[in-house]
Each structure stands twice: as C-alpha cells, then as structure tokens.
Amino acid sequence: MDRYHALSEATMDSLLESLETLLDELADSHYEVEYHSGVLTLYLGEKGTYVINKQPPNKQIWLSSPFSGPKRYDYSEAIDDWLYSRDSQALGDLLNKELTRALGQPVDLELRGPASQLQ
C-alpha cells in the first residue's frame with residue numbers, strides 16, 4: 001500500500017473511532033456517523049452534515065462542512081498532519097473547533113500524527 005493510502009486510511013479509521021465514541025457519549029438519536037468506501041458522513045440532525053472523503057488521485061482528504069464549507073487537505077510530512085493550504089489549519093483542529101461549537105461541549109477527536117499510527 002502506498003504512503004498516501006496508509007496515511008489517509010489511518011486518519012479515517014481514527015476519525016471514525018473518535019466520532020463513534022463521541023456520539024455514544026452524547027446518546028442523541030439525531031446524530032449518526034457512517035463510513036463506506038472511503039467516505040465518512042457525520043449527521044448532526046438540524047445542525048447539518050459533514051462529509052469527509054479520501055481523494056486518491058489528488059492524494060488529499062476532502063471535507064464538506066455545514067459551517068465552513070468545502071476544504072481540501074494535503075498531508076504535511078513536516079508536521080505529520082493534514083493541512084488546508086489556504087489557512088494552514090489542520091483537519092483535526094477545524095473539526096474540534098466546529099464540533100465544540102455545534103455540540104456545546106469541548107471536543108477533541110485526537111486526530112493528529114497519522115504517520116505515528118503506521119509504526
């Protein structure tokens with residue numbers, strides 16, 4: 001498996017696990033997370049829907065947020081994280097900030113260091 005696939009898969013797996021844990025703790029029947037064929041969908045009821053997917057041709061992870069819109073993330077070897085080139089914000093940092101605001105409680109998905117998960 002090439003490096004992009006390994007890193008993106010580690011990121012998506014970690015994200016799915018963190019979101020499942022978060023939603024189990026919240027126990028709100030309007031919230032749901034699904035992951036199929038490289039596409040993760042987070043339903044937050046009336047607050048909107050996130051879609052996060054791998055884009056192998058571009059070696060990116062794409063995010064569609066109900067709050068900040070679409071973004072494309074490239075992997076940075078230097079900091080071992082997925083960054084949006086226009087503002088240098090990490091994928092996990094944006095999700096933590098937006099989900100904290102949307103859910104009204106602190107959220108830390110611990111989405112950092114995908115390369116360290118490959119060891």
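The values are calculated or read from the model by the stated rules, or taken from the named source; none is laboratory data. Everything quoted here is computed from the prediction, not taken from an experiment. With ideal geometry, Cβ positions are generated from the backbone for all residues, glycine too; neighbour counts draw on all protein chains shown. When the accessible area is computed, the model is the full protein with side chains, heavy atoms only, and any ligands, DNA or RNA have been set aside. Shrake-Rupley method; radii C 1.70, N 1.55, O 1.52, S 1.80 Å.
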Average Cα contact separation per residue, the chain, under 8 Å, 6 or more apart, as relative contact order %: 19
Solvent exposure ordering (accessible area, 1.4 Å, most first) of SER64, SER29: SER29, SER64
Nearest 10 degrees, 0 to 90: helix 91-103 Cα axis against the chain principal axis: 0
Whole-percent carbon and sulfur share, accessible surface of the range 1-110, 1.4 Å: 47
Karplus (6.51, -1.76, 1.60) ³J(HN,Hα), θ = phi - 60°, over the range 55-71, in Hz, Gly and Pro reported as x: 10, x, x, 9, 6, 10, 10, 9, 10, 10, 10, x, 9, 10, x, x, 8
Using alpha-carbon coordinates, inclination of helix 3-26 to the longest axis of the chain, degrees: 10
Near-label residues of the range 1-38 by backbone N, under 15 Å of a point 7 Å along Cα→Cβ of VAL51: 34-38
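Can you figure out the FRET efficiency of ALA6 with SER64, using R₀ = 25 Å and their beta-carbon distance, to the nearest 0.05? Could you put the intermediate results ahead of the total?
On the way: r = 24 Å, r/R0 = 0.95.
So the FRET efficiency works out to roughly 0.55.
Quote the charge dipole size of the range 9-119 about the Cα centre in Debye, to the nearest 20; the model charges only the Cβ of Lys and Arg (+1) and of Asp and Glu (-1).
560
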